[in-house]
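To start, the structure itself, in structure tokens.
The values are calculated or read from the model by the stated rules, or taken from the named source; none is laboratory data. Source: prediction; values computed, not measured. Cβ: placed from backbone, ideal geometry, glycine included. Neighbour counts: every protein chain shown. The accessibility values were calculated without ligands, DNA or RNA, using every heavy atom of the protein model including side chains. Shrake-Rupley method; radii C 1.70, N 1.55, O 1.52, S 1.80 Å.
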Amino acid sequence: MDTNTGPETDPRPTLAVWKFASCDGCQLTLLDCEDELLALTGRVRVEHFLEMSAAEGPDGERADLTGRGPYDLSLVEGSVTTPEDAERIRHIRRISRRLVTIGACATAGGIQALRNFGDVAEFRAAVYASPEYISTLRTSTPISAHVPVDFELRGCPIDRGQLLEVVTAHLAGRKPGIPGHSVCFECKRRGTTCITVAHGTPCLGPVTHAGCGALCPAYGRGCYGCFGPTDHPNLRSMVGQLRRDGMSERDVLRVFRTFNAAAPEYAPVPDLVAEAQDCPRDRTGRTDTTPEGPA
């Protein structure tokens, strides 16, 4: 009986997991699948995953940052922040049949994209004793800004159940069943009273992608958008609501510049904030957009 299970005879599709500028939290989500991970590895062959093993291939060769490939599915965590990153992600795209970005860093630049609104040379000089040895880009950008992406899985960190759904969908040859609606739907499903309506608490739930289970609103705290923008966020309405809830123009900008600072969907926010600032307000601080009627 032939017991050879090398790559030439192993029918399982191959999986690779990659790290760019990030905290490793989304990769750890995969490792935290525990019992599900055991079943998953029976269906896929993990070829490249430095967080799990420094080896790659049937003979246990030492893996490097670029891998050997080709891979059926690549999961990419982290944003592009250096010239080497930009070159490496193009290589990974070439050797990957499908590429899925996981987490806020990979899908929207991450918290490190706050550099996009400042002077990166000034930051570099303040942080490093010898900044001349640091090679970095002026901006932190999502993976999709550099290569085509087959699917984006949002979150900081991502949800374990959603990650398993993405990998399972790939194995089944179907589109992942990840909802595109907002956190507000999750509040309704768990019976949570809207904290904005009931208490006037500022909340990003209406424009934030579902996946967290509406955890913060369930405990009386406004959603702060860690799962990134929903598919079609109504930012004009959201900015107006945050202003009516008492947030200053500066605070509205800051609340959108956290985990998903470089999300393309949030690009209009500064203009909308400036527009809301120019609108007349009544004595309660609410924006007055009601047309004057007859006396």
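Key figures for this structure:
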read-out	value
Qualifying positions in segment 202-232 - in contact with a Ser or Thr (Cβ under 8 Å, 6 or more places away or on another chain), of a type in the set (G, A, S) and crowded, with 16+ Cβ neighbours inside 10 Å	G205, A210, A214, A218, G222, G225, G228
So S22, is it open to solvent by less than 30 Å² (accessible area, probe 1.4 Å), at pLDDT 85 or above, under 29 Å from T230 (Cα atoms) and not β-branched (V, I, T)	no
Members of segment 233-242 that are in contact (Cβ under 8 Å) with a residue 40 or more places away in the chain and open to solvent by 40 Å² or more (accessible area, probe 1.4 Å)	Q241
Subset of segment 243-259 (residues that are open to solvent by 50 Å² or more (accessible area, probe 1.4 Å) and in contact with a Leu (Cβ under 7 Å, 6 or more places away or on another chain))	R257
Residues of segment 210-227 that turn out to be over 10 Å from T192 (Cα atoms) and assigned to a loop (DSSP other than H, G, I, E, B), as a count	11
Positions within segment 44-79 being open to solvent by 10 Å² or more (accessible area, probe 1.4 Å), among the charged types (D, E, K, R) and at pLDDT below 90, in sequence order	E51, D59, E61, R62, D64, R68
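Table: residues versus (1) among the aliphatic types (A, V, I, L, M); (2) at pLDDT below 90.
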residue: L215; (1), (2): yes, no
residue: Y219; (1), (2): no, no
residue: S237; (1), (2): no, no
residue: D251; (1), (2): no, no
residue: P270; (1), (2): no, no
residue: T287; (1), (2): no, yes
